[in-house]
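Data first, discussion second: the structure below is written as structure tokens.
The values are calculated or read from the model by the stated rules, or taken from the named source; none is laboratory data. Everything numeric in this text was worked out from a predicted model, so none of it was measured. Here the Cβ positions follow ideal geometry from the backbone for every residue, glycine too, while neighbour counts run over all protein chains shown.
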Amino acid sequence: DWTMGAYKDEAIRLIREQVGDKKVICGLSGGVDSSVAAVLIHEAIGDQLTCVFVDHGLMRLGEAEEVVSMFRDTYNIPLIHADEADLFIGALEGVSDPEVKRKTIGKLFIDVFQKHAHEVGGAEFLAQGTLYPDVIESVSFSGGPSVTIKSHHNVGGLPEKMGLKLVEPLRELFKDEVRALGRELGLPQSFIGRHPFPGPGLAIRCPGEITRDKLEILRRADAVYIDQIRKHGLYDEIWQAFVALLPVRTVGVMGDGRTYDYACALRAVTSVDGMTADYYPFSHEFLGETATRIINEVKGINRVTYDITSKPPGTIEWE
Ligand code: XMP
């Protein structure tokens, strides 16, 4: 697309102009936004860029490994992999309030990022994959007084604290434009088309207190659900799909035994920018087949529900 081609060239020119010969550090989350920002900046300034991937242990099945291999092996972008799962999961012990969870993760994220960013030495810029909707939603909720619905997980305040200047090449773009830019940069469609994933990761898809066991159950259920969606050719029609593991156990029957396991909720929505969303109208056949697979394949879950709440009044994530 020629428009994005021109946008890319202009963005590269602006990055070079802003950064000069200085070093840039970029926080990678594994999502499309920070990845597109990193690849764009790498194209502009090469190895003046170092990426820091703060691995909070709240990623989906196999996801952290994919991020590391894509950046190191495919793109040869210098990458620091900060594997800090124990730190994050330890800090979240006993924490069940959604805002406290988000703030705990956000604060630790900043500490860890800062620690590793110092290893780079002499960086003057911090790059972020902030999009236009992030700029708006974290400030106010349209239609009403300025109310923060959820504290957004980003590195707000970090640039000043570290004495770094911000590079935010995606600040004027919506999600679909970021994807077009990513394609323009040669990122694989399988990666570009990935559903958004929130900074606090699986912690906000596990309402209430998280534990390693719950995270593991959630990871496996989510992988089965996404596999079902891909097999039925529905992945690209959906903005975001995931499993939320509910903090409740219910009674079931399997073979000739009684079970007492967790219930989960499947979530799938369509949206253009994440600011409003409709639940996805799966067929009953799809839902039934998926429920059967999850219960058969994931030890620890014996009940599956489907969330039919749109946004508003619901939010996309459960916390
Ligand atoms: P909600 O749940 O507010 O989510 O309807 C709207 C979109 O934002 C994503 N989301 C986040 N992304 N950090 C992020 O980077 C966050 O803290 C965060 N919280 C929600 C969510 O996945 C959805 O796409």
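A few comments on the model shown:
- Selection within the range 123-152: residues that are modelled with pLDDT of 75 or more and away from the ligand (no atom under 12 Å from the Cβ). The member of this set that is surrounded by the most Cβ atoms within 10 Å (Cβ to Cβ) is A127.
- The range 161-190 residues that are on the phi > 0 side of the Ramachandran plot, paired with ones that are modelled with pLDDT of 90 or more and among the aliphatic types (A, V, I, L, M) (beta carbon under 9 Å, 6 or more apart): G186/V39
Yes or no, residue by residue, for (1) within 20 Å of the chain's Cα centre (by Cα); (2) among the basic types (K, R):
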site: R249; (1), (2): no, yes
site: D261; (1), (2): no, no
site: L266; (1), (2): yes, no
site: I301; (1), (2): no, no
site: I308; (1), (2): no, no
site: T315; (1), (2): yes, no
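- Candidates in the range 40-50 are the residues that are over 16 Å from T130 (Cβ atoms) and among the hydrophobic types (A, V, I, L, M, F, W, C); of these, the one that is nearest to the ligand (Cβ to nearest atom) is L49.
- Counting only residues that are in a helix (DSSP H, G or I), among the small types (G, A, S) and either more than 25 Å from L108 (Cβ to Cβ) or away from the ligand (no atom under 13 Å from the Cβ) (or both), the range 176-204 holds 3 of them.
- From I316, I226, I217, residue being out of contact with any helix residue (DSSP H, G or I) (no Cβ under 7 Å at 6 or more places or on another chain), away from the ligand (no atom under 12 Å from the Cβ) and closer than 30 Å to V135 by Cβ: I226
- Filtered residue count, the range 20-43, keeping only those that are of a type in the set (V, I, T) and touching a Phe, Trp or Tyr at 6+ places or on another chain (Cβ under 6 Å): 1
- Answer residue from the range 261-290, given it is without any contact (Cβ under 8 Å) to a residue 40 or more places away in the chain and either part of a strand (DSSP E or B) or in contact with a helix residue (DSSP H, G or I) (Cβ under 7 Å, 6 or more places away or on another chain) (or both) and is nearest to the ligand (Cβ to nearest atom) among those: A277
- Scanning the range 14-44 for residues being assigned to a helix (DSSP H, G or I) and touching a residue at least 12 places away in the same chain (Cβ under 8 Å) gives a total of 18.
- Members of the range 73-122 found to be within 16 Å of the ligand (Cβ to nearest atom) and not in a helix (DSSP H, G or I), listed by number: L92, V95, D97
- Residue match in the range 77-91 (condition: more than 25 Å from E172 (Cα to Cα), touching a residue at least 40 places away in the same chain (Cβ under 8 Å) and of a type in the set (V, I, T)): yes
- Only one of the numbered conditions (1) surrounded by fewer than 21 Cβ atoms within 10 Å (Cβ to Cβ); (2) in a helix (DSSP H, G or I) is violated by P207, and that is (2).
- Residue that is modelled with the lowest pLDDT, among those in the range 227-246 that are exposed (fewer than 15 other Cβ atoms within 10 Å of the Cβ) and out of contact with any strand residue (DSSP E or B) (no Cβ under 8 Å at 6 or more places or on another chain): D236
- Of the numbered criteria (1) away from the ligand (no atom under 14 Å from the Cβ); (2) at pLDDT 85 or above; (3) of a type in the set (A, V, I, L, M), the one L158 fails is (2).
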